[in-house]
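Quick one: the structure is below, and I'll ask about it shortly.
The values are calculated or read from the model by the stated rules, or taken from the named source; none is laboratory data. Keep in mind it's a predicted model, so treat the numbers as computed, not measured. Cβ: placed from backbone, ideal geometry, glycine included. Neighbour counts: every protein chain shown. Keep in mind that these areas ignore ligands, DNA and RNA; they rest on the heavy atoms of the full protein, side chains included. Shrake-Rupley method; radii C 1.70, N 1.55, O 1.52, S 1.80 Å.
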Amino acid sequence: MLNVLVVGGAGFIGSHMVKMLGQTGCRVTTLDDLSSGHRDAVLYGDFVQGDMGDRAVLDAVLSRGFDAVMHFASFIQVGESVQKPALYYQNNVVKTLGLLDAMRAHGIQRFVFSSTAATFGEPQYSPIDEKHPQQPVNPYGRTKLMVEQVLADYALAYGFRSVSLRYFNAAGADPEGQLGERHDPETHLIPLVLQVAAGRRPHLQVFGRDYDTPDGTCIRDYVHVTDLCSAHALALQSLMAGQGADCQAYNLGSGHGFSVQEVIDTAQKVSGRSVAVMDSPRRPGDPSRLVADPTMARQNLGWQPQHSDLRTLIEHAWRWETRQA
Ligand code: UFG
């Protein structure tokens, strides 16, 4: 039985991963400090509340012995990372280095890392494949790129094996309705649109209608959280089987872009409610179009997104939103 540590397993994507690992017969342990995650989102396995930056906590957990570690615990707000870079470098880089050190000390050499499309910066072409230059334009993207670079060096020097998965726009919710997005504050488009539809917010701000896109709003590649978790499971399999290079990285998206207006239109159809919008200025740092080329994940990992068409993804997120108080 595979034994996996999920760091950040009480968060949005981590909690879906814990459920998938638990349901597929893995032994799973979550380490989470609950700074933004939720204890009741951890549906399977053991739970340890603790700070991954605390070496004593790491030693206690890692001494249980694991085949691999999946690392979801990071700060994720681009705007905040510009205002508070120290917080982001400390949490996303320094603490991750501590985790890697502790893993090596305990002889655990397999790692799946949550990276991001933000490592690419302003797109030079679309869709974005793995050869696209990585020139992040904010501290958040830089923290994730730094860890990717550390992992490349650790592969060469220590034979440390890792897969970095660069999410485009993670969205959706557990198809069985048990889990979903609960960020505080919520900044992501789909939950915000649905909270307006549900009557919990007065309106949605549309950040810019003057982009060089067919309807003037930004285009993004929305990928279902359960599909992201499938990619993690496949990455784990590939690490266990010793397949591929010691350090691998894949872009995870559906390969299809949708505009902010298309998201609003689909949310209105799915919910049967109208969504009030307020046109607002562009949000600083938003590229006009971010779409993944997921070919390499398909070819090397055998990844096939199952739920990432926009309507299905919004249906799952809507079911989750309507269950919230
Ligand atoms: N948007 C609005 N109104 C809102 C919120 C978002 O119009 O209230 C727009 C944004 O301007 C953007 C699109 O909806 O065009 C998607 O925005 P999100 O905030 O949902 O997601 P981002 O594309 O900004 O962020 C995602 C990930 C980040 C990652 C980034 C890479 O969530 O972790 O992509 O650029 F860093």
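Using a 1.4 angstrom probe, figure out how much accessible area the stretch 226-325 has per residue, in square angstrom, rounded to the nearest whole. Mind showing how you got there, number by number?
Numbers: 4680 Å² over 100 residues.
Result: 47 Å² per residue.
Compute the relative contact order of the stretch 197-325 as a whole-number percentage, counting only Cα pairs closer than 8 Å that sit 6 or more residues apart in sequence.
Working: 176 pairs, mean separation 52.4, N = 129.
Once divided by the residue count of the stretch 197-325, the mean separation gives 41 percent.
Rounded to the nearest 500, what is the chain's calculated 222 nm mean residue ellipticity when only DSSP H runs of at least 4 contribute -39500 (n - 2.57) each, over all residues? Let's see the in-between values first.
Details: 10 runs with 112 residues, N = 325.
For the chain, the value works out to -10500 deg cm²/dmol.
Beyond 29 Å, how much of the Cα-Cα pair distribution for the chain remains, as a whole percent?
Numbers: 17674 of 52650 pairs.
Result for the distance tail: 34 percent.
What relative contact order, as a whole-number percentage, does the chain give when Cα pairs under 8 Å and 6 or more residues apart are counted? Write down the numbers at each step before the final one.
Values: 669 pairs, mean separation 59.8, N = 325.
Dividing the mean separation by the residue count of the chain yields 18 percent.
Add +1 for every Lys or Arg and -1 for every Asp or Glu among the other residues with Cβ under 14 Å from the Cβ of residue 53, and state the total. The partial results should precede the final answer.
On the way: positive: 55, 95; negative: 32, 33, 51, 54, 59, 101.
Residues near residue 53 contribute -4 overall.
Let me ask something else about it. Quick one: how many lysine pairs in the chain have C-alpha atoms under 27 angstrom apart, if they're 8 or more apart or on different chains?
Numbers: 19/95; 19/144; 84/95; 84/144; 95/144; 131/144.
Taking the Cα cut-off of 27 Å, the pair count is 6.
Taking N as the number of residues in the stretch 157-233, what is its alpha-carbon radius of gyration divided by 2.2 N^0.38 Å? Write out the running numbers ahead of the final one.
On the way: Rg = 16.5 Å, N = 77, 2.2 N^0.38 = 11.5 Å.
Computed over Cα atoms of the stretch 157-233, the ratio equals 1.44.
Let me ask something additional. How large, in percent, is the carbon and sulfur part of the accessible surface of the chain at a probe radius of 1.4 Å?
Working: 6630 of 13580 Å².
After summing per-atom areas, the C and S share lands at 49 percent.
Right, something else. Counting alpha carbon pairs within less than 8 Å and at least 6 residues apart, what relative contact order, in whole percent, applies to the stretch 219-274?
Numbers: 25 pairs, mean separation 32.5, N = 56.
Reported as a whole number, the value is 58 percent.
Among bridges DSSP assigns within the stretch 198-298, what percent are antiparallel (round to 5)? Don't skip to the answer; put the middle values down first.
Values: 2 of 8 bridges.
If we restrict to bridges inside the stretch 198-298, about 25 percent are antiparallel.
Counting only heavy atoms of protein chains, what accessible area per residue, in Å², does the stretch 50-150 have with a probe of 1.4 Å? All intermediate terms of the calculation are to be shown ahead of the outcome.
Values: 4170 Å² over 101 residues.
Ligands and nucleic acids excluded, the result is 41 Å² per residue.
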